[in-house]
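*Asks:* I have a structure here, written as C-alpha coordinates, and I will follow up with some questions on it.
The values are calculated or read from the model by the stated rules, or taken from the named source; none is laboratory data. These numbers come from a predicted model, not from an experiment. When we count neighbours, we look across all protein chains shown, and the Cβ atoms used for this are built from the backbone with ideal geometry, even at glycine. Each accessible area value is taken on the protein alone, full model and side chains, heavy atoms only, with ligands, DNA and RNA left out. Shrake-Rupley method; radii C 1.70, N 1.55, O 1.52, S 1.80 Å.
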Amino acid sequence: MSRNTEEQGFNNVRELINDTCGQMNIPEMCCLRLMECERELTVHFPVKMDDGRVEVFTGFRIVHNDSRGPSKGGIRYHPDVNLDEVRALAALMTLKTAVANIPYGGAKGAVICNPKTMSQSELERLTRRYACEIAILMGPERDIPAPDVGTNPQVMAWIMDTYSMGKGYSVPAVVTGKPLEIGGSTGRFESTGRGCMVSTLLAAKHLRIDPREATVVVQGCGNVGAVTADLLVKEGYRVAAISDSKGGVYNPKGLNLEDVFAHKKETGSVIGSRNTEKITNAELLELKCDILVLAALENALVKTNAPSVKARIIIEGANGPTTPEANKILLDNGVFLVPDILANAGGVIVSYLEWVQGLQSFYWNETDVNNYLGDLMTNAFNQVLRIREDEKVDMRTAAYVIALQRLVAAMTTRGIFP
Ligand code: NAD
(Lines give C-alpha, C1' and ligand atoms only; values in the text may rest on other atoms or scores of the structure.)
Protein backbone atom coordinates (compact mmCIF):
# COMPACT_ATOMS: atom_id res chain seq x y z
CA MET A 1 0.00 0.00 0.00
CA SER A 2 1.46 3.37 -0.90
CA ARG A 3 1.42 5.86 1.93
CA ASN A 4 1.76 9.60 1.86
CA THR A 5 4.47 11.24 3.94
CA GLU A 6 2.03 11.98 6.76
CA GLU A 7 1.43 8.25 7.18
CA GLN A 8 5.05 7.05 7.43
CA GLY A 9 4.40 4.71 10.35
CA PHE A 10 7.83 3.77 11.72
CA ASN A 11 9.31 7.21 11.05
CA ASN A 12 6.53 8.77 13.13
CA VAL A 13 7.40 6.59 16.13
CA ARG A 14 11.14 7.15 15.62
CA GLU A 15 10.63 10.89 15.50
CA LEU A 16 8.67 10.86 18.75
CA ILE A 17 11.30 8.68 20.43
CA ASN A 18 14.09 10.93 19.14
CA ASP A 19 12.35 14.17 20.22
CA THR A 20 11.51 12.83 23.68
CA CYS A 21 15.07 11.47 24.13
CA GLY A 22 16.37 14.96 23.21
CA GLN A 23 14.16 16.65 25.81
CA MET A 24 15.20 14.13 28.49
CA ASN A 25 18.98 14.15 27.87
CA ILE A 26 18.93 10.40 27.33
CA PRO A 27 22.33 8.74 26.62
CA GLU A 28 22.91 8.59 22.88
CA MET A 29 23.53 4.84 22.88
CA CYS A 30 19.99 4.24 24.22
CA CYS A 31 18.38 6.58 21.73
CA LEU A 32 20.29 5.05 18.80
CA ARG A 33 19.24 1.54 19.84
CA LEU A 34 15.57 2.50 20.16
CA MET A 35 15.59 4.10 16.70
CA GLU A 36 16.09 0.66 15.10
CA CYS A 37 14.45 -2.76 15.44
CA GLU A 38 16.73 -5.38 16.99
CA ARG A 39 15.63 -8.33 14.83
CA GLU A 40 13.70 -8.38 11.57
CA LEU A 41 12.62 -11.59 9.92
CA THR A 42 10.85 -11.65 6.52
CA VAL A 43 9.56 -15.01 5.30
CA HIS A 44 8.06 -16.12 1.97
CA PHE A 45 6.31 -19.45 2.32
CA PRO A 46 4.04 -21.73 0.27
CA VAL A 47 0.51 -22.73 1.27
CA LYS A 48 -1.69 -25.32 -0.45
CA MET A 49 -5.04 -23.71 -1.23
CA ASP A 50 -8.35 -25.61 -1.27
CA ASP A 51 -8.54 -25.61 -5.08
CA GLY A 52 -5.16 -27.36 -5.38
CA ARG A 53 -3.12 -24.25 -6.25
CA VAL A 54 -0.07 -23.27 -4.20
CA GLU A 55 0.23 -19.63 -3.16
CA VAL A 56 3.36 -18.01 -1.75
CA PHE A 57 2.66 -15.63 1.15
CA THR A 58 4.94 -13.06 2.75
CA GLY A 59 5.14 -12.70 6.53
CA PHE A 60 7.18 -10.78 9.08
CA ARG A 61 8.19 -11.05 12.72
CA ILE A 62 10.01 -8.07 14.13
CA VAL A 63 11.50 -7.63 17.59
CA HIS A 64 12.00 -3.95 18.33
CA ASN A 65 13.66 -4.16 21.75
CA ASP A 66 13.89 -6.78 24.49
CA SER A 67 15.88 -4.94 27.18
CA ARG A 68 13.08 -5.26 29.76
CA GLY A 69 12.15 -8.88 29.06
CA PRO A 70 10.95 -11.27 26.34
CA SER A 71 9.41 -9.50 23.36
CA LYS A 72 5.64 -9.39 23.11
CA GLY A 73 3.29 -8.40 20.33
CA GLY A 74 0.39 -9.42 18.13
CA ILE A 75 0.19 -11.03 14.71
CA ARG A 76 -1.80 -9.22 12.03
CA TYR A 77 -3.38 -10.82 8.94
CA HIS A 78 -4.25 -8.08 6.46
CA PRO A 79 -3.90 -7.60 2.70
CA ASP A 80 -2.26 -4.16 3.07
CA VAL A 81 0.15 -4.86 5.92
CA ASN A 82 3.80 -4.02 5.19
CA LEU A 83 7.23 -4.04 6.81
CA ASP A 84 7.15 -0.38 7.81
CA GLU A 85 3.82 -0.82 9.60
CA VAL A 86 5.09 -3.90 11.46
CA ARG A 87 8.21 -2.04 12.56
CA ALA A 88 6.06 0.82 13.87
CA LEU A 89 3.75 -1.56 15.72
CA ALA A 90 6.72 -3.43 17.24
CA ALA A 91 8.20 -0.16 18.53
CA LEU A 92 4.84 0.85 20.00
CA MET A 93 4.79 -2.49 21.85
CA THR A 94 8.19 -1.74 23.43
CA LEU A 95 6.84 1.59 24.67
CA LYS A 96 3.48 0.14 25.74
CA THR A 97 4.93 -2.65 27.87
CA ALA A 98 7.20 -0.07 29.51
CA VAL A 99 4.30 2.33 30.24
CA ALA A 100 2.27 -0.55 31.70
CA ASN A 101 5.39 -1.55 33.65
CA ILE A 102 5.20 -5.23 32.74
CA PRO A 103 8.46 -7.16 32.16
CA TYR A 104 8.38 -7.37 28.38
CA GLY A 105 9.95 -5.90 25.29
CA GLY A 106 8.11 -5.18 22.04
CA ALA A 107 7.53 -7.16 18.84
CA LYS A 108 4.97 -7.55 16.07
CA GLY A 109 4.24 -10.06 13.33
CA ALA A 110 2.12 -10.10 10.20
CA VAL A 111 1.20 -12.04 7.10
CA ILE A 112 0.07 -10.26 3.92
CA CYS A 113 -3.20 -12.08 3.26
CA ASN A 114 -6.94 -11.54 3.32
CA PRO A 115 -8.36 -13.81 6.02
CA LYS A 116 -11.91 -12.79 5.04
CA THR A 117 -11.57 -14.56 1.67
CA MET A 118 -9.78 -17.69 2.97
CA SER A 119 -11.37 -20.90 4.24
CA GLN A 120 -10.68 -22.13 7.79
CA SER A 121 -8.47 -24.94 6.45
CA GLU A 122 -6.46 -22.50 4.31
CA LEU A 123 -6.04 -20.23 7.32
CA GLU A 124 -4.92 -23.17 9.44
CA ARG A 125 -2.29 -24.27 6.88
CA LEU A 126 -1.09 -20.67 6.47
CA THR A 127 -0.85 -20.19 10.24
CA ARG A 128 0.97 -23.45 10.90
CA ARG A 129 3.53 -22.80 8.16
CA TYR A 130 4.05 -19.18 9.29
CA ALA A 131 4.49 -20.41 12.88
CA CYS A 132 7.21 -22.82 11.71
CA GLU A 133 8.93 -20.05 9.76
CA ILE A 134 9.11 -17.70 12.76
CA ALA A 135 9.77 -20.44 15.36
CA ILE A 136 13.46 -19.46 15.40
CA LEU A 137 12.42 -16.26 17.20
CA MET A 138 9.50 -17.57 19.29
CA GLY A 139 9.52 -19.07 22.76
CA PRO A 140 8.03 -18.40 26.21
CA GLU A 141 11.32 -16.81 27.32
CA ARG A 142 12.06 -15.14 23.98
CA ASP A 143 9.15 -13.82 21.93
CA ILE A 144 5.47 -14.37 22.62
CA PRO A 145 2.86 -13.60 19.92
CA ALA A 146 -0.80 -12.70 20.51
CA PRO A 147 -3.82 -11.88 18.32
CA ASP A 148 -4.17 -8.60 16.42
CA VAL A 149 -6.31 -7.44 13.47
CA GLY A 150 -7.39 -10.45 11.40
CA THR A 151 -6.26 -13.11 13.89
CA ASN A 152 -8.09 -14.62 16.86
CA PRO A 153 -7.84 -17.22 19.66
CA GLN A 154 -8.15 -20.10 17.14
CA VAL A 155 -5.11 -18.81 15.24
CA MET A 156 -3.20 -18.67 18.55
CA ALA A 157 -4.25 -22.28 19.26
CA TRP A 158 -2.78 -23.41 15.91
CA ILE A 159 0.47 -21.56 16.65
CA MET A 160 0.68 -23.04 20.15
CA ASP A 161 0.02 -26.54 18.77
CA THR A 162 2.56 -26.18 15.93
CA TYR A 163 5.26 -24.90 18.30
CA SER A 164 4.46 -27.65 20.83
CA MET A 165 4.70 -30.37 18.15
CA GLY A 166 8.23 -29.17 17.38
CA LYS A 167 9.18 -29.36 21.06
CA GLY A 168 7.44 -32.67 21.78
CA TYR A 169 5.44 -31.31 24.71
CA SER A 170 2.76 -28.65 25.28
CA VAL A 171 4.07 -25.09 25.62
CA PRO A 172 1.03 -22.95 26.47
CA ALA A 173 3.11 -19.87 27.39
CA VAL A 174 4.45 -19.48 23.82
CA VAL A 175 1.40 -17.41 22.79
CA THR A 176 -1.29 -15.46 24.59
CA GLY A 177 -4.87 -14.78 23.63
CA LYS A 178 -5.43 -18.56 23.43
CA PRO A 179 -8.81 -20.24 23.91
CA LEU A 180 -9.57 -21.04 27.58
CA GLU A 181 -9.45 -24.81 26.90
CA ILE A 182 -5.69 -24.73 26.25
CA GLY A 183 -4.50 -22.27 28.87
CA GLY A 184 -6.05 -18.97 27.84
CA SER A 185 -6.90 -16.47 30.54
CA THR A 186 -10.35 -15.47 31.61
CA GLY A 187 -10.95 -11.86 30.63
CA ARG A 188 -8.35 -11.85 27.82
CA PHE A 189 -10.86 -11.49 24.98
CA GLU A 190 -12.35 -8.33 26.53
CA SER A 191 -9.10 -7.03 28.01
CA THR A 192 -8.15 -4.34 25.48
CA GLY A 193 -11.69 -2.95 25.45
CA ARG A 194 -11.79 -3.13 29.26
CA GLY A 195 -8.53 -1.17 29.44
CA CYS A 196 -9.99 1.43 27.05
CA MET A 197 -13.06 1.64 29.28
CA VAL A 198 -10.87 2.20 32.37
CA SER A 199 -8.89 4.89 30.50
CA THR A 200 -12.13 6.59 29.44
CA LEU A 201 -13.49 6.63 33.00
CA LEU A 202 -10.24 8.07 34.35
CA ALA A 203 -10.01 10.71 31.61
CA ALA A 204 -13.67 11.70 32.11
CA LYS A 205 -13.17 11.90 35.87
CA HIS A 206 -10.11 14.11 35.37
CA LEU A 207 -12.13 16.46 33.15
CA ARG A 208 -15.16 16.22 35.46
CA ILE A 209 -17.40 14.84 32.72
CA ASP A 210 -20.56 13.18 34.03
CA PRO A 211 -21.16 9.80 32.28
CA ARG A 212 -24.93 10.35 32.30
CA GLU A 213 -24.51 13.45 30.18
CA ALA A 214 -21.70 12.24 27.94
CA THR A 215 -21.98 10.99 24.38
CA VAL A 216 -19.51 8.46 23.02
CA VAL A 217 -18.69 7.70 19.37
CA VAL A 218 -16.69 4.59 18.48
CA GLN A 219 -14.77 3.99 15.25
CA GLY A 220 -14.40 0.23 14.68
CA CYS A 221 -16.73 -2.55 15.75
CA GLY A 222 -14.22 -5.36 16.18
CA ASN A 223 -12.72 -6.78 19.33
CA VAL A 224 -11.56 -3.47 20.80
CA GLY A 225 -14.36 -1.17 19.60
CA ALA A 226 -17.30 -3.45 20.35
CA VAL A 227 -16.10 -4.36 23.87
CA THR A 228 -15.24 -0.74 24.74
CA ALA A 229 -18.66 0.43 23.56
CA ASP A 230 -20.45 -2.33 25.46
CA LEU A 231 -18.57 -1.70 28.73
CA LEU A 232 -19.08 2.07 28.49
CA VAL A 233 -22.83 1.58 28.11
CA LYS A 234 -22.70 -0.60 31.25
CA GLU A 235 -20.96 2.32 33.00
CA GLY A 236 -23.86 4.62 32.09
CA TYR A 237 -22.53 6.25 28.90
CA ARG A 238 -24.58 6.77 25.75
CA VAL A 239 -22.90 5.38 22.62
CA ALA A 240 -24.39 7.37 19.74
CA ALA A 241 -22.44 5.92 16.81
CA ILE A 242 -20.25 2.99 15.84
CA SER A 243 -18.71 1.91 12.54
CA ASP A 244 -16.96 -0.89 10.71
CA SER A 245 -15.01 -0.90 7.44
CA LYS A 246 -18.26 -0.58 5.44
CA GLY A 247 -19.61 2.50 7.29
CA GLY A 248 -21.33 3.50 10.48
CA VAL A 249 -24.66 3.78 12.28
CA TYR A 250 -25.92 6.69 14.35
CA ASN A 251 -28.68 7.38 16.83
CA PRO A 252 -28.24 10.58 18.87
CA LYS A 253 -30.40 9.10 21.66
CA GLY A 254 -28.02 6.15 22.00
CA LEU A 255 -27.63 2.90 20.08
CA ASN A 256 -29.07 -0.39 21.23
CA LEU A 257 -25.75 -2.25 21.03
CA GLU A 258 -27.31 -5.69 21.34
CA ASP A 259 -29.24 -4.98 18.14
CA VAL A 260 -26.18 -3.56 16.41
CA PHE A 261 -23.96 -6.52 17.32
CA ALA A 262 -26.65 -9.05 16.34
CA HIS A 263 -27.12 -7.28 12.99
CA LYS A 264 -23.36 -7.29 12.37
CA LYS A 265 -23.17 -10.98 13.19
CA GLU A 266 -26.00 -11.72 10.79
CA THR A 267 -25.03 -9.47 7.86
CA GLY A 268 -21.32 -8.76 8.35
CA SER A 269 -21.92 -5.03 8.87
CA VAL A 270 -23.47 -2.67 11.40
CA ILE A 271 -25.25 -0.79 8.60
CA GLY A 272 -29.01 -1.24 8.58
CA SER A 273 -29.46 -2.18 12.24
CA ARG A 274 -32.80 -1.20 13.77
CA ASN A 275 -33.51 2.46 14.72
CA THR A 276 -30.26 3.77 13.29
CA GLU A 277 -29.27 6.23 10.63
CA LYS A 278 -26.47 5.29 8.22
CA ILE A 279 -23.39 7.53 8.27
CA THR A 280 -20.05 7.36 6.51
CA ASN A 281 -16.79 6.64 8.29
CA ALA A 282 -15.69 10.21 7.58
CA GLU A 283 -18.89 11.66 9.09
CA LEU A 284 -18.58 9.52 12.21
CA LEU A 285 -15.20 11.02 13.13
CA GLU A 286 -16.65 14.53 12.94
CA LEU A 287 -19.81 13.93 14.98
CA LYS A 288 -20.58 16.15 17.95
CA CYS A 289 -19.67 14.05 21.01
CA ASP A 290 -17.72 14.16 24.27
CA ILE A 291 -15.62 11.05 23.77
CA LEU A 292 -14.29 9.59 20.52
CA VAL A 293 -12.84 6.07 20.71
CA LEU A 294 -10.60 5.21 17.76
CA ALA A 295 -10.64 1.41 17.54
CA ALA A 296 -10.11 0.58 13.86
CA LEU A 297 -6.73 0.98 12.16
CA GLU A 298 -3.81 3.43 11.82
CA ASN A 299 -4.05 6.96 10.42
CA ALA A 300 -7.76 7.50 11.09
CA LEU A 301 -7.17 11.14 12.01
CA VAL A 302 -4.94 13.08 9.63
CA LYS A 303 -4.33 16.80 9.14
CA THR A 304 -7.38 17.19 6.87
CA ASN A 305 -10.03 15.77 9.23
CA ALA A 306 -8.47 16.55 12.64
CA PRO A 307 -9.68 20.20 12.64
CA SER A 308 -13.29 18.95 12.36
CA VAL A 309 -13.13 16.65 15.39
CA LYS A 310 -15.53 17.88 18.07
CA ALA A 311 -14.80 15.38 20.85
CA ARG A 312 -13.25 16.60 24.13
CA ILE A 313 -11.56 13.26 24.83
CA ILE A 314 -9.97 10.88 22.32
CA ILE A 315 -9.16 7.32 23.36
CA GLU A 316 -6.68 5.63 21.02
CA GLY A 317 -7.92 2.04 21.21
CA ALA A 318 -6.18 1.29 17.91
CA ASN A 319 -2.43 1.55 17.42
CA GLY A 320 -1.29 4.74 15.69
CA PRO A 321 -4.73 6.09 14.71
CA THR A 322 -3.58 9.74 14.86
CA THR A 323 -0.79 11.09 12.65
CA PRO A 324 1.67 13.59 14.21
CA GLU A 325 0.11 16.44 12.20
CA ALA A 326 -3.36 15.50 13.42
CA ASN A 327 -2.06 15.11 16.96
CA LYS A 328 -0.74 18.68 16.94
CA ILE A 329 -4.04 20.08 15.65
CA LEU A 330 -6.00 18.19 18.31
CA LEU A 331 -3.70 19.42 21.09
CA ASP A 332 -3.99 23.02 19.84
CA ASN A 333 -7.77 22.59 19.96
CA GLY A 334 -7.56 21.47 23.60
CA VAL A 335 -8.51 17.81 23.07
CA PHE A 336 -7.49 15.47 25.90
CA LEU A 337 -5.96 12.53 24.04
CA VAL A 338 -5.15 9.24 25.76
CA PRO A 339 -2.41 7.74 23.55
CA ASP A 340 -2.39 4.19 22.17
CA ILE A 341 0.56 3.04 24.29
CA LEU A 342 -1.55 3.76 27.38
CA ALA A 343 -5.18 3.47 26.26
CA ASN A 344 -4.97 0.03 24.65
CA ALA A 345 -2.44 -1.51 27.06
CA GLY A 346 -5.19 -3.65 28.65
CA GLY A 347 -4.63 -6.36 26.04
CA VAL A 348 -0.94 -6.79 26.72
CA ILE A 349 -1.52 -6.53 30.47
CA VAL A 350 -3.88 -9.51 30.44
CA SER A 351 -1.56 -11.27 27.99
CA TYR A 352 1.10 -10.89 30.67
CA LEU A 353 -1.30 -12.35 33.25
CA GLU A 354 -2.06 -15.25 30.87
CA TRP A 355 1.66 -15.91 30.34
CA VAL A 356 2.30 -15.90 34.12
CA GLN A 357 -0.62 -18.31 34.64
CA GLY A 358 0.69 -20.59 31.86
CA LEU A 359 4.25 -20.63 33.25
CA GLN A 360 3.10 -21.59 36.74
CA SER A 361 0.12 -23.75 35.61
CA PHE A 362 -2.07 -21.94 38.10
CA TYR A 363 -5.13 -20.10 36.86
CA TRP A 364 -7.06 -17.17 38.33
CA ASN A 365 -10.75 -16.37 38.08
CA GLU A 366 -12.14 -13.53 36.02
CA THR A 367 -12.61 -11.21 38.99
CA ASP A 368 -8.93 -11.56 39.92
CA VAL A 369 -7.84 -10.94 36.33
CA ASN A 370 -10.09 -7.89 35.92
CA ASN A 371 -8.91 -6.50 39.26
CA TYR A 372 -5.23 -6.87 38.27
CA LEU A 373 -6.01 -5.25 34.93
CA GLY A 374 -7.88 -2.37 36.59
CA ASP A 375 -5.02 -1.77 39.05
CA LEU A 376 -2.26 -1.86 36.43
CA MET A 377 -4.20 0.40 34.02
CA THR A 378 -5.08 2.87 36.78
CA ASN A 379 -1.47 3.02 37.99
CA ALA A 380 -0.19 3.57 34.47
CA PHE A 381 -2.81 6.26 33.74
CA ASN A 382 -2.13 8.13 36.99
CA GLN A 383 1.65 8.01 36.49
CA VAL A 384 1.29 9.44 32.98
CA LEU A 385 -1.14 12.09 34.21
CA ARG A 386 1.32 13.10 36.96
CA ILE A 387 4.16 13.56 34.43
CA ARG A 388 1.77 15.54 32.20
CA GLU A 389 1.07 17.96 35.05
CA ASP A 390 4.62 18.13 36.43
CA GLU A 391 6.30 18.61 33.05
CA LYS A 392 3.43 20.59 31.42
CA VAL A 393 3.33 18.25 28.43
CA ASP A 394 0.54 16.34 26.67
CA MET A 395 -0.48 12.78 27.59
CA ARG A 396 1.39 11.18 24.66
CA THR A 397 4.66 12.93 25.50
CA ALA A 398 4.18 12.04 29.17
CA ALA A 399 3.65 8.37 28.27
CA TYR A 400 6.81 8.41 26.11
CA VAL A 401 8.77 10.01 28.98
CA ILE A 402 7.82 7.23 31.42
CA ALA A 403 8.44 4.49 28.85
CA LEU A 404 11.84 5.90 27.92
CA GLN A 405 12.86 6.37 31.58
CA ARG A 406 12.18 2.65 32.20
CA LEU A 407 13.84 1.50 28.98
CA VAL A 408 16.94 3.60 29.59
CA ALA A 409 17.20 2.31 33.16
CA ALA A 410 17.12 -1.28 31.84
CA MET A 411 19.56 -0.65 28.98
CA THR A 412 22.13 1.23 31.01
CA THR A 413 21.95 -1.24 33.91
CA ARG A 414 22.46 -4.18 31.58
CA GLY A 415 25.19 -2.44 29.56
CA ILE A 416 26.34 -3.51 26.11
CA PHE A 417 27.52 -7.01 25.24
CA PRO A 418 30.39 -7.81 24.85
P1 NAD B 1 -10.69 -6.25 14.63
O2 NAD B 1 -10.27 -6.79 13.31
O3 NAD B 1 -11.42 -7.12 15.59
O4 NAD B 1 -11.59 -4.94 14.42
C5 NAD B 1 -11.26 -3.87 13.60
C6 NAD B 1 -12.57 -3.15 13.28
O7 NAD B 1 -12.28 -1.95 12.56
C8 NAD B 1 -13.52 -3.95 12.39
O9 NAD B 1 -14.84 -3.77 12.84
C10 NAD B 1 -13.33 -3.30 11.02
O11 NAD B 1 -14.48 -3.46 10.19
C12 NAD B 1 -13.15 -1.87 11.46
N13 NAD B 1 -12.56 -1.00 10.46
C14 NAD B 1 -11.56 -1.22 9.61
N15 NAD B 1 -11.33 -0.13 8.84
C16 NAD B 1 -12.23 0.81 9.25
C17 NAD B 1 -12.52 2.14 8.87
N18 NAD B 1 -11.83 2.75 7.92
N19 NAD B 1 -13.50 2.81 9.52
C20 NAD B 1 -14.21 2.21 10.49
N21 NAD B 1 -13.98 0.96 10.90
C22 NAD B 1 -13.02 0.27 10.28
O23 NAD B 1 -9.37 -5.65 15.30
P24 NAD B 1 -9.13 -5.27 16.82
O25 NAD B 1 -8.47 -6.43 17.48
O26 NAD B 1 -10.36 -4.70 17.40
O27 NAD B 1 -8.01 -4.14 16.65
C28 NAD B 1 -8.35 -2.79 16.34
C29 NAD B 1 -7.15 -1.93 16.62
O30 NAD B 1 -6.78 -2.07 18.00
C31 NAD B 1 -5.90 -2.24 15.82
O32 NAD B 1 -5.18 -1.05 15.60
C33 NAD B 1 -5.09 -3.12 16.77
O34 NAD B 1 -3.71 -3.11 16.49
C35 NAD B 1 -5.41 -2.46 18.08
N36 NAD B 1 -5.21 -3.30 19.25
C37 NAD B 1 -5.86 -4.49 19.38
C38 NAD B 1 -5.66 -5.24 20.53
C39 NAD B 1 -6.41 -6.52 20.77
O40 NAD B 1 -6.21 -7.12 21.84
N41 NAD B 1 -7.27 -6.97 19.88
C42 NAD B 1 -4.75 -4.81 21.51
C43 NAD B 1 -4.12 -3.57 21.35
C44 NAD B 1 -4.35 -2.83 20.21
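*Asks:* Testing Asp244 on (1) closer than 19 Å to Pro321 by Cα; (2) without any contact (Cβ under 8 Å) to a residue 60 or more places away in the chain; (3) more than 22 Å from the chain's Cα centre (by Cα), one condition comes back false. Which one is that?
*Replies:* With respect to (1) closer than 19 Å to Pro321 by Cα; (2) without any contact (Cβ under 8 Å) to a residue 60 or more places away in the chain; (3) more than 22 Å from the chain's Cα centre (by Cα), Asp244 is out only on (3).
*Asks:* Within the stretch 216-227, can one find any residue that is away from the ligand (no atom under 11 Å from the Cβ), under 19 Å from the mean Cα position of the chain (by Cα), buried (at least 24 other Cβ atoms within 10 Å of the Cβ) and part of a helix (DSSP H, G or I)?
*Replies:* no
*Asks:* Could you tell me which residue of the stretch 358-380 is nearest to the ligand (Cβ to nearest atom), considering only residues that are part of a helix (DSSP H, G or I) and of a type in the set (S, T, N, Q)?
*Replies:* Restricting attention to the stretch 358-380, the residues satisfying the condition of being part of a helix (DSSP H, G or I) are 358-360, 366-380.
From what's left, of a type in the set (S, T, N, Q): 360, 367, 370-371, 378-379.
Working: Gln360: 23, Thr367: 20, Asn370: 15, Asn371: 19, Thr378: 18, Asn379: 18 Å.
In this case the residue turns out to be Asn370.
*Asks:* So, Ser185, is that one within 13 Å of the ligand (Cβ to nearest atom), among the polar types (S, T, N, Q) and in a loop (DSSP other than H, G, I, E, B) or not?
*Replies:* Working: within 13 Å of the ligand (Cβ to nearest atom): yes; among the polar types (S, T, N, Q): yes; in a loop (DSSP other than H, G, I, E, B): yes.
Yes.
*Asks:* Tell me the residue from Met160, Met138 that is away from the ligand (no atom under 12 Å from the Cβ), of a type in the set (A, V, I, L, M) and without any contact (Cβ under 8 Å) to a residue 24 or more places away in the chain, please. So that I can check it myself, show each step before the final result.
*Replies:* Working: Met138 fails: without any contact (Cβ under 8 Å) to a residue 24 or more places away in the chain.
Among Met160, Met138, only Met160 is away from the ligand (no atom under 12 Å from the Cβ), of a type in the set (A, V, I, L, M) and without any contact (Cβ under 8 Å) to a residue 24 or more places away in the chain.
*Asks:* Next question. Go through (1) without any contact (Cβ under 8 Å) to a residue 60 or more places away in the chain; (2) open to solvent by less than 60 Å² (accessible area, probe 1.4 Å); (3) in a strand (DSSP E or B) one by one and return the number of the condition Glu40 breaks.
*Replies:* Among (1) without any contact (Cβ under 8 Å) to a residue 60 or more places away in the chain; (2) open to solvent by less than 60 Å² (accessible area, probe 1.4 Å); (3) in a strand (DSSP E or B), the lone unmet condition for Glu40 is (2).
*Asks:* Do the conditions hold for Glu15, that is, is it modelled with pLDDT of 95 or more and open to solvent by 60 Å² or more (accessible area, probe 1.4 Å)?
*Replies:* Details: modelled with pLDDT of 95 or more: no; open to solvent by 60 Å² or more (accessible area, probe 1.4 Å): yes.
Judged against the criteria, Glu15 is not a match.
*Asks:* Here's another thing I want to ask about it. State yes or no: is Thr20 open to solvent by 10 Å² or more (accessible area, probe 1.4 Å), over 15 Å from Pro145 (Cα atoms) and of a type in the set (Val, Ile, Thr)? Explain how you work it out, then say what you get.
*Replies:* Numbers: open to solvent by 10 Å² or more (accessible area, probe 1.4 Å): no; over 15 Å from Pro145 (Cα atoms): yes; of a type in the set (Val, Ile, Thr): yes.
No, not satisfied.
*Asks:* Restricting attention to the stretch 288-298, and to residues there that are assigned to a loop (DSSP other than H, G, I, E, B) and open to solvent by less than 30 Å² (accessible area, probe 1.4 Å), which single residue is nearest to the ligand (Cβ to nearest atom)?
*Replies:* First, the residues of the stretch 288-298 that are assigned to a loop (DSSP other than H, G, I, E, B): 288-290, 295-298.
Remaining after also requiring open to solvent by less than 30 Å² (accessible area, probe 1.4 Å): 289, 295.
Details: Cys289: 15, Ala295: 5 Å.
Step by step, filter the stretch 288-298, then rank; the result is Ala295.
*Asks:* For Glu283, state whether it is more than 21 Å from Leu89 (Cα to Cα) and open to solvent by 10 Å² or more (accessible area, probe 1.4 Å). Give the derivation first.
*Replies:* Working: more than 21 Å from Leu89 (Cα to Cα): yes; open to solvent by 10 Å² or more (accessible area, probe 1.4 Å): yes.
Taking the combined requirement at face value, the residue satisfies it.
*Asks:* Can you confirm whether the stretch 231-250 contains a residue that is at pLDDT 95 or above, of a type in the set (Asp, Glu) and within 13 Å of the ligand (Cβ to nearest atom)?
*Replies:* Looking for residues that are at pLDDT 95 or above, of a type in the set (Asp, Glu) and within 13 Å of the ligand (Cβ to nearest atom), one finds at least one in the stretch 231-250, hence yes.
*Asks:* How do the pairs read when you match residues in the stretch 114-125 that are farther than 18 Å from Thr162 by Cβ with residues anywhere that are surrounded by fewer than 18 Cβ atoms within 10 Å (Cβ to Cβ), using Cβ under 8 Å and keeping only pairs 6 or more apart or on different chains?
*Replies:* Asn114/Pro79; Ser119/Asp50
*Asks:* Looking at this structure, is Arg396 open to solvent by 10 Å² or more (accessible area, probe 1.4 Å), closer than 23 Å to Ala240 by Cα, touching a strand residue (DSSP E or B) at 6+ places or on another chain (Cβ under 7 Å) and not β-branched (Val, Ile, Thr)? Show your work before the answer.
*Replies:* Details: open to solvent by 10 Å² or more (accessible area, probe 1.4 Å): yes; closer than 23 Å to Ala240 by Cα: no; touching a strand residue (DSSP E or B) at 6+ places or on another chain (Cβ under 7 Å): yes; not β-branched (Val, Ile, Thr): yes.
Answer is no for this residue.
*Asks:* Which of the residues belonging to the stretch 305-357 are more than 12 Å from the ligand (Cβ to nearest atom), open to solvent by 10 Å² or more (accessible area, probe 1.4 Å) and of a type in the set (Gly, Ala, Ser)?
*Replies:* Across the stretch 305-357, the qualifying residues are Ser308, Gly334.
*Asks:* Inside the stretch 274-327, can you point out the residues that are acidic (Asp, Glu) and under 16 Å from the mean Cα position of the chain (by Cα)? Talk me through it step by step, then tell me what you get.
*Replies:* Let us first name the residues in the stretch 274-327 that are acidic (Asp, Glu), namely 277, 283, 286, 290, 298, 316, 325.
Selection gives Glu298, Glu316.
*Asks:* From the list Glu36, Glu40, Glu55, pick out the single residue that is charged (D, E, K, R) and out of contact with any strand residue (DSSP E or B) (no Cβ under 7 Å at 6 or more places or on another chain). Please lay out each step first, then the result.
*Replies:* On the way: Glu40 fails: out of contact with any strand residue (DSSP E or B) (no Cβ under 7 Å at 6 or more places or on another chain); Glu55 fails: out of contact with any strand residue (DSSP E or B) (no Cβ under 7 Å at 6 or more places or on another chain).
Result of the check over Glu36, Glu40, Glu55: Glu36.
*Asks:* Additional query: So which residues in the stretch 99-123 are under 20 Å from Arg142 (Cβ atoms) and open to solvent by 30 Å² or more (accessible area, probe 1.4 Å), if there are any at all?
*Replies:* Pro103
*Asks:* Right, Pro147: under 30 Å from Pro324 (Cβ atoms) and open to solvent by 40 Å² or more (accessible area, probe 1.4 Å) or not? Walk me through how you get there before you give the answer.
*Replies:* Working: under 30 Å from Pro324 (Cβ atoms): yes; open to solvent by 40 Å² or more (accessible area, probe 1.4 Å): no.
No; evaluated as a whole, the condition is false for this residue.
*Asks:* Right, here's the next one. Kindly list the number of the only condition in (1) surrounded by 24 or more Cβ atoms within 10 Å (Cβ to Cβ); (2) touching a strand residue (DSSP E or B) at 6+ places or on another chain (Cβ under 6 Å); (3) of a type in the set (D, E, K, R) that fails for Lys96.
*Replies:* Checking Lys96 against (1) surrounded by 24 or more Cβ atoms within 10 Å (Cβ to Cβ); (2) touching a strand residue (DSSP E or B) at 6+ places or on another chain (Cβ under 6 Å); (3) of a type in the set (D, E, K, R), the one that fails is (2).
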